[in-house]
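Engineer: Mind having a look at this structure? Questions to follow.
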Amino acid sequence: MSATCRQRSIVAALERLDVPATVDQLVDVLVAPSSEPAGRLERWGDVHEELHVVDLPVLDAIGIVDYDSESGLVALPAADAEQSVASTSEPVTVVQ
């Protein structure tokens, strides 16, 4: 998944949640419930780590989300956050 596509997925997930949401809630939306049960927990942990360490700090730094790493809360800063993702000139590097 490209970085821009991942950014859009994160914003879309936040739009479906009551925000501010926890990173755990965000991961629950991003990791499909239909995932193989045996690998779902491992995948959930991987996505949680990627969001906490890579994606959310970067998206916060460029103003697409508001992320507080201490509380684990993430929110959209404005109603037009999805437009911000679409207009980002360079994709964010995501650890796969």
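The values are calculated or read from the model by the stated rules, or taken from the named source; none is laboratory data. The structure presented is a predicted model; accordingly, all values stated were derived computationally and were not measured. Reconstructed Cβ throughout: ideal geometry from the backbone, glycine too, with neighbour counts over all protein chains shown.
Engineer: Pull up segment 1-40, narrow it to residues that are at pLDDT below 85 and polar (S, T, N, Q), then point me to the one that is surrounded by the fewest Cβ atoms within 10 Å (Cβ to Cβ).
Structural biologist: The extreme case among them is Ser34.
Engineer: Restricting the first residue to segment 35-61 and requiring it to be within 28 Å of Pro77 (Cβ to Cβ) and aromatic (Phe, Trp, Tyr), which pairs with a second residue that is at pLDDT 90 or above and surrounded by 14 or more Cβ atoms within 10 Å (Cβ to Cβ) meet a Cβ separation below 6 Å and a spacing of at least six or different chains?
Structural biologist: Trp44/Val27
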